[in-house]
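The block underneath contains the structure these notes are about, expressed in structure tokens.
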Amino acid sequence: MKKVLLYIDESEKYADINIQKSDLMNEVKNNHWYLIGTFFDKEKQSTFIQQAKDYYIFLNEKKMKSNFDLIIVWDIKLIWKNISKFFEMLEWLKLSKIDIYFHNQSINTSEDNGLLYKYAKIFSETEKRIKSERILNGLSKVKSEGKKLGRPEKDVDHIKILKDRDQRLTIREIAKRHKLSVGKIHYLINRQKR
């Protein structure tokens, strides 16, 4: 008998809480699963996977070694933020030997021979590669236009810095006076000596 955990989205963005609960409870009854608990998506700043991990740890701390084998989610779009996060979630679930079931899509990772995991991995890697290519293309375009990348340099009065050094001011005092870092002052003084 599978030990299951229900995931309910309280935002009601896609479905009423009562509809989610009744659909998922029917699924539990029809499949003769044992319900361990329900966790609600209350913290919008926290991801689904973080909440699942927290719940898993909570059950371990309470010495409820039964834990759970399956998380039931009403719809995949409730937890789909981006493909990389989705793949990260699937990876953690796989390592923790926990399956996930998406009610509306009838996708159960315990029965799909790892297909969802494989496709998520492919799409995640593709998404990362596309983002990386876009960034590199953008950088090369900016460089080809002759624009300088990075933090703009401050106008530095080298002569005043050298005069301050000749007056036996410490590097820190010079840095403070000119509002520059100690490292930059060292660099400017050593460059002048060469």
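The values are calculated or read from the model by the stated rules, or taken from the named source; none is laboratory data. Quick caveat, the model's predicted, so the values are computed rather than measured. Glycine gets a Cβ as well: all are built from the backbone with ideal geometry, and neighbour counts include every protein chain shown. Note: accessible area is taken over every heavy atom of the protein model, side chains too, but ligands, DNA and RNA are not part of it. Shrake-Rupley method; radii C 1.70, N 1.55, O 1.52, S 1.80 Å.
For segment 90-144, the list of trypsin sites (Lys or Arg not before Pro) that fall in a loop by DSSP and count at most 11 other C-beta atoms within 10 angstrom reads LYS97. Percent of Cα pairs in segment 101-158 per distance bin of 10 Å, from zero to the largest separation: 18, 23, 19, 15, 14, 8, 3, 0. Close amide H contacts of ILE107 (hydrogens built in the peptide plane, cut-off under 5 Å, sequence separation of 5 or more or a different chain): PHE102. Spin-label model, VAL182 to LYS147: label points 7 Å out along the Cα-to-beta-carbon direction sit 3.6 nm apart.
Ligands, DNA and RNA left out, the 1.4 Å accessible surface of segment 84-139 is 56% carbon and sulfur atoms.
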